[in-house]
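The block underneath contains the structure these notes are about, expressed in structure tokens.
The values are calculated or read from the model by the stated rules, or taken from the named source; none is laboratory data. Nothing here was measured: the structure is a model prediction, and the numbers come from that model. Cβ coordinates were reconstructed from backbone atoms using ideal geometry, including for glycine residues, and neighbour counts include every protein chain displayed.
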Amino acid sequence: MTPPTLMSMMIAGGLIGLGLALLVIWFTPAQPDLNDAVKRLSNTSPHRPDAEASTVNGKERLGIWAMRTLPVGLWAKTPTRELALLRIPLARFYGDKLTYAALGFVIPIGLATFLSLLGLGLPFAMPVIACIALAVVMFFLPNYNAIDDAKKARIEFNRALGAYIDLVALERTNGSGVRQAMETAAGIGDSWVFNRLAEELNRSRWSGLPPWDALHALATELGLPDLDDFADIMRLSGEEGTATYATLRARSAAMRTAMLNDELTEANAIGERMSIPGSLLGVIFMAILLTPSLLRMIPG
């Protein structure tokens, strides 16, 4: 049996086994996690997924199976705060990681099979190394996507939070109480940030928690220091009766100044990167002009 034939048989067998395993996991009914169910039903839980996230799809079933079967150390560092901010269930995240890893493992096999059919056989070690390397790289790709998307979401959250703080300050000047001002301001906007704040405030009302404690828990869970500072201001106003209008307006102005400075820094960095191609073109043009003179100076 020739090596190409042996490699083709091994590749075919591996693909068949992988497909059967995925089919079994896909169609196996998923058993609910009791701890997760209790947290979702609890009124004091700071995080509650959307209604759309309650439906279990194929990736989540794969993730649930992996969480119960595979060792915990396999997942390395999980971006928990980023997933909570994006409202991505942990099972779906793990399912994405396994799906990406399987795709990275299959792509080199497909390319090696295609080349072998064309008569361009590769050494057996090359497809194996490529499969492992690409699978590892794509296994960590969902981590990068979650961190990058969460960074953008935090910037959007801070922008909306500045407007929300101004609205709360205006409600306080109109004579509204602390909770009423926070809930009324949260009901004005229709973005996901205002909806998230309104959801936490409504949950705190039904659970009997102070609204600033609910926002403290949300800020800790999602990694939002500006929201934590706002909760401290409202706690002082609610517990000690401190006047907060000037403090809230100063806080929102400081947030806008910080965001403006960050945008200016990013714009300067982009401008510097854009100057690099122009500099390279200038160097290439000078090289073209000087090359004939240098060649004439070299003795034949």
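Observations on the model:
- The listed residues are Arg196, Arg203, Arg172, and the only one of them that is in a helix (DSSP H, G or I) and modelled with pLDDT under 90 turns out to be Arg172.
- Residue, nearest to Ile155 (Cα to Cα), within the range 243-293, restricted to residues that are surrounded by 11 or more Cβ atoms within 10 Å (Cβ to Cβ) and of a type in the set (A, V, I, L, M, F, W, C): Met259
- Checked against (1) more than 19 Å from Thr80 (Cβ to Cβ); (2) surrounded by fewer than 22 Cβ atoms within 10 Å (Cβ to Cβ), Ala185 meets all criteria but (2).
- Output for the range 175-193, where each listed residue is outside any helix (DSSP H, G or I) and small (Gly, Ala, Ser): Gly175, Ser176, Gly177, Gly187, Gly189, Ser191
- Taken over the range 141-162, the criterion of being closer than 15 Å to Glu221 by Cα and more than 8 Å from the chain's Cα centre (by Cα) is satisfied by Ala153, Arg154, Phe157.
- Residue in the range 278-289 that is farther than 30 Å from Lys151 by Cα and either touching a residue at least 40 places away in the same chain (Cβ under 8 Å) or among the polar types (S, T, N, Q) (or both) present: yes
- Filtering the range 232-277 to residues that are within 24 Å of Leu209 (Cβ to Cβ), β-branched (Val, Ile, Thr) and in a helix (DSSP H, G or I) leaves Ile233, Thr247.
- Sole exception among (1) within 26 Å of Glu266 (Cβ to Cβ); (2) of a type in the set (Gly, Ala, Ser); (3) not in a helix (DSSP H, G or I) for Gly119, by number: (1)
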